Amino acid sequence: MADTNDKRVDQPTGTEFVGHEWDGIEELNTPLPRWWLWTFYATVIWGVVYVVLYPAWPLIEKGTEGVLGWSSRGELAEEMALADLARQSVYEQIAATDIEKLPASPELMQQAIAGGSAAFKVNCVQCHGAAAAGFEEYGYPNLNDDDWIWGGTLSDIEYTLVHGIRWEGSNQTRVNYMPAFEGILSDQELDSVVDHVLSLSGNGQSSAAGAELYTNNCSSCHQPAGEGSQLMGSPALNDAIWLYGDDRALIRQQILNPKHGVMPGWGERLDPVTIKMLAAYVHSRGGGEAPAETAPEEDNPESIATMADASDAPAVEGDDQP
Ligand code: HEC
Ligand code: HEC
């Protein structure tokens, strides 16, 4: 060990020795590099400033708060408020847009479809299925096809959703009761009218008797060639899409004792924007109709209400039957 008071100088560098020596290796008293020193001071200053401005030291009850009053919770709240504002403005925009005009702003339509898809999962899947494909034979229609019982424009669908179908909770509900032909048509007549119904979609042959029975009892609602009527909510019989199934026995059952499927109205349970979004979603499922394709009177709820009244006295022409 060298003497600690020794102020000897290292000859090649001119730097003082610190005075320690281990096995002939001695330490020089080299000053710290300037850049290092300034960085060090800067971090100290930064640390002090940070402690003053922001929450820093944990104390017993809570930490020091800092003069800025910043908190991570506050920051989160601010971000959430911004997100809320964005959502709210989408809601407000949808609320303020006429439903038929929604497709004109694709971004808003997209938002509406997304919102509708979420609401569909909560309110509609139990009857219409997760993919909106419905359940034939139970009378829950497929919403993916372009076959509409009550109309497939955005406003038609919106109306169906608000008021429901044969729904007691709304006096403007879509309604049309197919009369029960039990006791009105004989067994034989029933057979020939079933033949006629099947023939409308190209299955098998009808007979003159079947055609006449159909004209007298069915065509007022289902139309002469079975094209159906959206205004009345009479399903088309001339296509391969069935509400209750194309089986002879099921058709016979429907004629004897119609099911009168009920769809609840949502006008009182869901807000108008959610209903609009649901209509946009259902419309987007592939089969939505453009408004121009439908008859103008369909926009008028009055005519549907009138139909509802008319259907109280169903158009059965039982008198014509023996
Ligand atoms: C309790 C079962 C039930 C629930 C829940 C239900 N529906 Fe329906 N829906 C029906 C039935 C049954 C019909 C067919 C009624 C008929 O015979 O005309 C129908 C018909 C419809 C139609 C008319 C289809 C057409 O061809 O005109 C639309 C649109 C529709 N539903 C959408 C919805 C949406 C959207 C929801 C969720 C908000 C929903 N439904 C929830 C039973 C249901
Ligand atoms: C007052 C109008 C009206 C008359 C008249 C009427 N129907 Fe209907 N029909 C309907 C409605 C509405 C439905 C919808 C189903 C329901 O009852 O929920 C329907 C459904 C049907 C279905 C089921 C369609 C499917 O997609 O599964 C068949 C089949 C049918 N009718 C046949 C007939 C036949 C045959 C006659 C005559 C003997 C007749 N209907 C007379 C209104 C009528």
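The numbers here are math on the coordinates, done by the rules we state, and not lab data. Predicted model, so just to flag it, every value in this text is computed and none were measured. Using ideal geometry, Cβ is built from the backbone for each residue, glycine included, and neighbour counts are taken over all protein chains shown.
Neighbouring Cβ atoms within 10 Å as the yardstick, rank ASP187, ASP146, ASP239 fewest first.
Ordered by Cβ neighbours within 10 Å, fewest first: ASP187, ASP146, ASP239.
In a GNM of the chain with a 10 Å cut-off on Cα contacts, which of ALA279, ALA209, ALA132 has the highest mean-square fluctuation?
Ranking ALA279, ALA209, ALA132 by mean-square fluctuation puts ALA209 first.
In deg cm²/dmol, rounded to 500, what helix-only [θ] at 222 nm does the chain give when every DSSP H run of at least 4 residues adds -39500 (n - 2.57) and the total is split over its residues?
Rounded to the nearest 500, it is -13500 deg cm²/dmol.
Between GLY265, GLY204, GLY139, which gets the highest mean-square fluctuation from a Gaussian network model of the chain, Cα cutoff 10 Å?
Highest fluctuation among the options: GLY204.
Rounding to the nearest 20 debye, state how big the charge dipole of the chain is about its Cα centre with +1 on each Lys and Arg Cβ and -1 on each Asp and Glu Cβ.
My answer is approximately 860 debye.
Once you treat every alpha carbon in the chain as an equal point and sum by Debye, what is log10 I(q)/I(0) at q = 0.13, 0.14 Å⁻¹?
Per q value, in the given order, log10 I(q)/I(0) is -1.00, -1.09.
I'd like the distance between the alpha-carbon centres of segment 63-117 and segment 228-265, rounded to an integer number of Å.
Spelled out, the Cα-based centre of one part sits 43 Å from the other.
GNM, the chain, Cα, under 10 Å: largest mean-square fluctuation among PRO12, PRO33, PRO106?
PRO12
With 10 angstrom as the radius, rank THR30, THR215 by how many other C-beta atoms surround their C-beta, starting from the fewest.
THR30, THR215
So who's got an amide H within less than 5 Å of the one on GLY19, skipping anything under 5 residues away but keeping other chains? H placed 1.01 Å off N, in plane.
Here GLU27 satisfy the definition.
Fewest Cβ neighbours within 10 Å first, please rank TRP148, TRP36, TRP70 accordingly.
Exposure proxy ranking, most exposed first: TRP36, TRP70, TRP148.
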